[in-house]
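Q: Supplied in structure tokens, the structure appears directly below.
The values are calculated or read from the model by the stated rules, or taken from the named source; none is laboratory data. Keep in mind the model is a prediction, meaning the values are calculated, not measured. Note: ideal-geometry Cβ built from the backbone for every residue, glycine included; neighbour counts use all protein chains shown.
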Amino acid sequence: MKTLMGMVFMSILLPSASSIQCYQYQGESQLPQKQSIITCQPNVAFCTSTLIKFQGKLHFEILVKGCLAGNETTCNKTTTTDKKIVQVYETIQCCNKELCNSDLIPDGSSTKDHGIQCFVCNGNPASCNGDQLPTVRCNGEQTQCMEISIEGALTGNEKKRIMLKGCGNVTSCGGFAAFSNGLQPLSYSAAMRCCKGSSCNSGTFAESEPGKENGVECYSCTDTKQGGCSPGHVKRMKCTGAMTQCLDITGDTPNQIIMKGCATESFCQEAYPDFRIPVKSGTSCCSGSLCNQAGISTEEAKTKN
């Protein structure tokens with residue numbers, strides 16, 4: 001009996017894990033009336049409103065409301081991610097009262113007139129396919145819907161794919177940027193597509209095919225700090241498809257080669273998003289078989305010639 005009374009007494013003294021309610025929403029910042037109420041997980045004490053802005057070739061913003069998923073140190077901050085042709089700005093605001101994020105919208109939301117409506121997504125192709133994605137209305141300057149597919153195998157492991165969708169306004173759309181060094185294999189490709197008309201970007205991309213050999217041959221290597229691109233270790237590879245350029249990816253200095261291989265002209269012009277190689281500082285290309293001479297960079301080769 002004493003044990004039972006003690007348990008009852010302790011339950012009175014100790015606070016139970018409470019759950020706060022917040023508004024949940026994902027879509028245009030101009031349509032918050034579509035938000036719904038959710039109950040957060042126990043011990044979640046903050047509601048959030050996050051404004052995610054994409055700028056560059058993809059241009060749109062989306063408002064996300066809900067419960068705080070991480071630590072409160074992420075609150076009331078803006079983070080920026082540069083993905084080459086797309087810059088992502090994420091501003092999160094938090095509050096700690098019941099349903100307090102009803103009218104909470106971070107500063108920076110667009111007030112421009114809106115035109116066409118486009119699907120938005122940033123994830124794997126399976127989740128970014130079809131017509132059930134969230135949509136946003138583009139501002140008056142954005143006259144196209146866009147979708148970008150990115151594939152990469154940069155560590156010799158299984159190829160990874162992501163897709164980006166949103167609004168855009170580019171004078172030159174379409175195209176294919178790719179490179180391969182024929183080893184392991186290491187590869188990267190990005191395809192871009194534009195369309196005009198609301199919600200026209202509901203499609204997906206087939207996995208890129210390497211294509212047939214095109215007659216160009218390049219030197220190939222990967223430097224793992226063990227002399228992998230020294231003259232005795234460089235190999236030859238046959239280029240395929242649209243990869244008609246020989247490539248050097250350089251490291252901390254123009255003469256430090258960390259990778260050689262085949263590439264498309266778009267890749268050589270760095271017209272691609274979200275490509276990260278540690279210590280990469282530059283890309284140089286040349287036309288003609290084996291022009292990226294073994295053991296030296298294409299820039300050195302141009303100087304010697």
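Q: Scan the range 70-82 and tell me whether some residue there is assigned to a loop (DSSP other than H, G, I, E, B), surrounded by fewer than 13 Cβ atoms within 10 Å (Cβ to Cβ), at pLDDT below 80 and under 22 Å from the mean Cα position of the chain (by Cα).
A: Checking the range 70-82: at least one residue is assigned to a loop (DSSP other than H, G, I, E, B), surrounded by fewer than 13 Cβ atoms within 10 Å (Cβ to Cβ), at pLDDT below 80 and under 22 Å from the mean Cα position of the chain (by Cα).
Q: Do we find a residue being more than 30 Å from ASN129 (Cα to Cα), in contact with a His (Cβ under 9 Å, 6 or more places away or on another chain) and without any contact (Cβ under 8 Å) to a residue 40 or more places away in the chain anywhere in the range 231-242?
A: Filtering the range 231-242 down to residues more than 30 Å from ASN129 (Cα to Cα) leaves 231-239.
Keeping just the survivors that are in contact with a His (Cβ under 9 Å, 6 or more places away or on another chain) gives none.
Checked the range 231-242: no residue is more than 30 Å from ASN129 (Cα to Cα), in contact with a His (Cβ under 9 Å, 6 or more places away or on another chain) and without any contact (Cβ under 8 Å) to a residue 40 or more places away in the chain.
Q: Just checking, does the range 232-248 include any residue being among the acidic types (Asp, Glu) and at pLDDT 90 or above?
A: Yes, some residue in the range 232-248 is among the acidic types (Asp, Glu) and at pLDDT 90 or above.
Q: Here is a further query. Identify all residues within the range 253-286 that are at pLDDT below 80, surrounded by 21 or more Cβ atoms within 10 Å (Cβ to Cβ) and not in a loop (DSSP other than H, G, I, E, B); write none if there are none.
A: ILE257
Q: Identify, please: which residue in the range 178-203 is over 19 Å from ILE257 (Cα atoms) and without any contact (Cβ under 8 Å) to a residue 60 or more places away in the chain and is, among those, surrounded by the most Cβ atoms within 10 Å (Cβ to Cβ)?
A: Among those that are over 19 Å from ILE257 (Cα atoms) and without any contact (Cβ under 8 Å) to a residue 60 or more places away in the chain, it is SER189.
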